[in-house]
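Data first, discussion second: the structure below is written as structure tokens.
The values are calculated or read from the model by the stated rules, or taken from the named source; none is laboratory data. This structure is a prediction, so every number in the text was calculated from the model and none was measured. Glycine gets a Cβ as well: all are built from the backbone with ideal geometry, and neighbour counts include every protein chain shown. SASA here: full protein model, heavy atoms, side chains in, ligands and nucleic acids out. Shrake-Rupley method; radii C 1.70, N 1.55, O 1.52, S 1.80 Å.
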Amino acid sequence: MADAIASSRHKIYAIGVLGFVAILSVLYYFSAPVYIYIIAYMWFGFIFGILQQYGRFCFASAFRDLIMVKVPRMFVGIIIGLIMLSIVNSYIVSVYPDKYIIESIGFHGLLGGLIFGIGMVFAGGCATGSLYKTGEGNMISFAVLMSLAFSQAIFQATAFDWFSRHFIQGKTLNDVGLTKLLFGGIGNHAAKYSFWQHLVGDTLVNAVLVGLLLLIGVYIFVVRKPFLKRRARQIAVTAGATADGGTAKTGFKDELAGFWSMISASRRTSIAAILIGIVAGAQIFSLAWLQNHYNFTNFGQVLAGKPAVGAPLPNGSKVSPTVPSSWPGTHAAYPDVSHNNTVFDPGYWYITTQEAMFGGWVLRHIGFSMSNNSYFGMDNGLPNPWLSPALLLSIGLILGAAFKSLTAREFKWKFPHSKAQWAYAVGGGTLMGIGARIGLGCNIGAFYGPAAFGNPSAWVFFVGLFLGAAISARYINFFANRKMASDDMDFDIKL
Amino acid sequence: MKFNKLEDGKYELDVTGYVCPHPQLYTLKCMEKLEDGMELDVLIDNPSSVESVTQACNGKGYAILEKANPKAGVTALKIQK
């Protein structure tokens with residue numbers, strides 16, 4: 001009885017969450033029709049939240065569980081999602097060439113990935129994983145998010161420009177993308193490519209080929225041995241040998257069966273990965289369409305009330321000087337928008353910068369000077385959180401995950417209850433924040449998105465992530481072994 | 001995290017309140033301590049850990065005999081080595 005009441009209460013809360021997002025959308029729209037742009041960010045976040053919670057989609061899990069408990073399901077999920085996003089993306093950038101982004105390759109990617117990788121394993125989730133887990137009621141993940149927000153904001157306002165001058169500017173390989181490498185045009189920013197060229201360069205080579213090689217590696221080093229051992233025993237039993245003594249030879253067919261068992265091991269992760277890839281692509285397409293429709297290239301222009309006259313819209317036409325009546329009447333000025341009348345508006349699935357902006361906005365409002373740097377001052381501004389497009393995506397993601405976990409009876413409030421848990425959350429979140437800014441992005445912005453765009457820079461960040469995750473996993477494993485070293489079969493461990 | 005012996009061959013592990021990677025890590029380490037045929041009842045309130053434990057059990061050949069939700073947000077697994 002009590003269980004049924006709790007269950008229906010969860011469903012009511014889930015409807016409440018959905019209703020809240022719907023009402024918020026209506027309020028935004030009637031405030032100014034152009035706000036449909038940030039409403040779109042929020043709803044895409046909401047869908048990401050549902051899918052991530054359903055698939056338990058977390059990049060920390062991809063590396064950590066592979067290393068610590070030999071579970072490849074999330075690693076497989078990331079590669080599947082990456083391939084899907086890359087296919088959709090190849091089409092989008094052939095229609096909207098302006099959306100074809102190539103990140104720089106350099107030491108910063110490796111170092112950023114390493115620090116981020118160390119942090120995400122300690123934190124118990126990557127940047128986007130921490131968002132969806134917050135939606136599950138996990139306030140340890142919320143502590144991670146806050147640490148991520150403020151560590152980034154402080155790093156950007158104090159140390160980033162120095163780091164950039166010494167380790168990034170003039171020290172990177174620029175404009176190197178797989179499609180450009182294969183079909184020419186490196187250094188020519190106006191170069192345009194067909195869907196098929198992007199599909200070969202960005203998708204087949206950078207996502208499918210590299211992804212397949214990684215999956216084969218995971219199969220050989222993690223899955224193959226235990227799978228073939230079980231398979232040999234099954235064959236022997238079927239052939240009539242005793243279950244405990246007999247083994248049989250396995251062949252290539254069994255290897256293929258093993259590889260497939262790895263790919264299909266977690267249905268929910270694979271489904272979520274495919275849908276996340278498609279939705280992430282649909283988001284890029286939708287936001288580009290809205291920019292064309294509402295005459296802006298960055299949402300900061302809308303907030304400032306100043307069209308970037310002559311700037312190329314995603315569809316190739318130019319921004320007109322006419323301020324559309326759909327724009328709000330209020331005009332944000334520096335530092336709400338940057339000196340360039342921009343705010344952070346990536347146009348695709350992005351996670352960490354918007355949290356940095358939130359941290360920066362809070363610090364600015366308690367009296368710190370936050371805009372005297374390139375990050376906030378020239379690029380991203382410090383808009384009110386409710387007018388920060390990508391932050392609406394993050395909020396939508398939390399709410400989407402809350403909705404899904406409530407409907408699945410998986411929502412549960414959980415708070416840090418020891419110093420060690422606080423240390424893992426705050427330490428991990430802080431390292432993730434610093435790593436994300438050094439690497440110019442997180443697991444999404446510096447890896448997932450760029451890898452789908454055919455950027456080799458993504459794989460540099462990936463190597464760093466893997467090494468970082470391995471370091472943390474080794475430490476946590478060592479700590480666990482020491483805690484459990486006693487021969488006593490009973491234990492009571494407090495972290 | 002509490003690991004207790006219930007009776008001969010049966011143990012329980014409570015990892016509620018903990019987040020990744022600790023629930024899956026300690027569950028599998030406890031399973032390693034058990035002998036073939038022994039059972040472990042695990043309580044987890046971290047959904048992604050339930051997924052990881054399930055996958056790890058499949059990979060290692062441990063049988064998940066029961067899976068239940070004793071209350072919202074909590075999953076109980078009965079695993080046999």
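Within chain A, what's the longest run with no trypsin sites (Lys or Arg not before Pro) in a DSSP loop and at most 16 other beta-carbon atoms within 10 Å? Give the range, please. Within chain A, the longest run free of exposed trypsin sites (Lys or Arg not before Pro) spans A:250-493. The phi torsions of region A:334-347, fed into the Karplus equation with coefficients 6.51, -1.76 and 1.60 and a -60° offset, translate into couplings of 3, x, 4, 10, 6, 4, 8, 6, 10, 10, 6, 8, x, x Hz, rounded to whole numbers, with Gly and Pro shown as x.
The lysines within cross-link reach of A:LYS180, meaning a Cα-to-Cα straight distance under 19 Å and a gap of 8 or more places when in the same chain, are A:LYS99, A:LYS192.
Pairs with C-alpha atoms separated by more than 29 Å, drawn from the list A:LYS419/B:LYS71; A:LYS70/A:LYS483; A:LYS171/A:LYS306; A:LYS253/B:LYS29; A:LYS249/A:LYS483, are A:LYS171/A:LYS306; A:LYS253/B:LYS29; A:LYS249/A:LYS483. With contributions of -39500 (n - 2.57) from each DSSP H run of at least four residues, the per-residue ellipticity at 222 nm computed over the protein assembly as shown stands at -18500 deg cm²/dmol. Phi angles across region B:2-7 convert, under the Karplus curve 6.51 cos²θ - 1.76 cosθ + 1.60 with θ = phi - 60°, into 3J(HN,Hα) values of 10, 10, 10, 8, 8, 7 Hz, Gly and Pro given as x. Cβ under 9 Å from B:LEU77's Cβ, B:LEU77 left aside: what net charge do those residues give with Lys, Arg +1 and Asp, Glu -1? Counting the neighbours of B:LEU77, the net charge comes to 0. Shielding of peptide B:41-54 by partners, expressed as the average count of other chain Cβ atoms within 10 Å per residue Cβ, is 6.
Label-to-label distance for A:ARG9 and A:ALA333 is 5.1 nm, based on points extended 7 Å past Cα in the beta-carbon direction.
Across chain A, the relative contact order, built from alpha-carbon pairs under 8 Å that are at least six residues apart, equals 36 percent. Helix hunt in chain A: which complete DSSP H runs extend at least 18 Å axially by C-alpha with mean Kyte-Doolittle at least 1.0? Result, helices passing both filters: A:2-31, A:36-55, A:73-95, A:107-123, A:139-158, A:389-407. Over all other residues within a Cβ to Cβ distance under 13 Å of A:ALA470, the charged ones net out to +1, with Lys and Arg as +1 and Asp and Glu as -1. Among residues other than B:PRO47 with Cβ under 13 Å from its Cβ, the summed charge is +4 (Lys and Arg +1, Asp and Glu -1). At a probe radius of 1.4 Å, figure out the B/A buried accessible area, summed over both chains, and give it in Å² to the nearest 100. Rounded to the nearest hundred, the buried surface is 3600 Å². So what's the angle, to the nearest 10 degrees on a 0 to 90 scale, between helix B:22-33 and the longest Cα principal axis of chain B? Taking Cα atoms only, the helix is inclined about 0 degrees.
Remark: mean inter-chain Cβ contacts per residue of B:10-20 equal 5, using a 10 Å Cβ-Cβ cutoff to other protein chain atoms.
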